[in-house]
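Contents: one structure, followed by commentary.
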Amino acid sequence: MFRRKLTGLDYHDPNGFDCSDETQFRNCIVWLEDQKIRHYKIEDRGNLRNIPSSDWPKAYEKYLLDLNCPFGVQEKKEALDWLLGLAVRYEYGDNVEKYKNCRPLDTSANSDKAVDPLLNLDSNSPDFKAGVTALANILKIQRHDDYLVMLKAIRILIQERLSPEAIAMASQNREGVPVALDKHILGFDTGDATLNEAAQILRLLHIEELRELQTKINEAIVAVQAIIADPKTDHRLGKLNINKVLQHIYNRMAVNGGFEGTSGHHRDRRCADE
């Protein structure tokens, strides 16, 4: 995950670098300070250069603090990636004339091919984790140890709540009728008044979804009946196939969004009855 930056900094072995190898890691830190960052004076780099010392972690921690690095010693990959980014910035600042005339790679040969940027996505990259975390905070999505799970939750929320169709539907004024929860019997007791109230609300919302589903079913049935009752239909051509009628109803409901807002077990039961 560090190969590109190490290559840009002319590191001696960017392809073979292993961050999990403590010796390679320490050598890389010393190399960055000596060759690129140069935050300390040469005479002040002794503790950092003493790689075999048991006190090296303390020297490294002090080094991160002196650089105002936002990551600590425990965040090994994140801190190294930040140091590499700092080194790249200093390298560019020292060689502005050299890099400002660089031309981007010629991509005309592959211009006709659509490239999916997610194919080369590194889920362990600190940039990826920081981006997913920022999105989760903006959308108020609960944190998870697996950043891919968080990304999936973000995708689902955007598709269901932030798509043009969802925004258009949400913008429609839907006037509801105030409901007194104490007048509705839940049918069971969770032992907690707050949970009982939440269960009542969920049940009422579920009933509302079922009503919307029934309305879509009725509309589909009416549409099929209109086709069957068409006087132009020649019934002598054969018997009415009830399975095809039911399939037509199902397809029409799917096209009209009849299943939107309903849970999967309603669809399973519907198909099983057919």
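Dividing the convex hull volume of the alpha-carbon atoms in region 1-63 by its residue count gives 88 Å³ per residue. Calculated FRET efficiency, N68 to I42, Cβ-Cβ distance, R0 = 30 Å: about 0.90 to the nearest 0.05.
Between E61 and S125, the FRET efficiency from the beta-carbon distance, with R0 = 30 Å, is close to 0.80. Taking 0.36 nm per residue of sequence separation and removing the Cα-Cα distance, the N27/S163 pair yields an extension gain of 44.1 nm.
FYI, it's all coordinate maths here, none of it is from the lab. These figures come from a predicted structure and were not determined experimentally. Methodologically, a virtual Cβ is constructed for each residue, glycine included, from the backbone with ideal geometry; neighbour enumeration extends over all protein chains shown.
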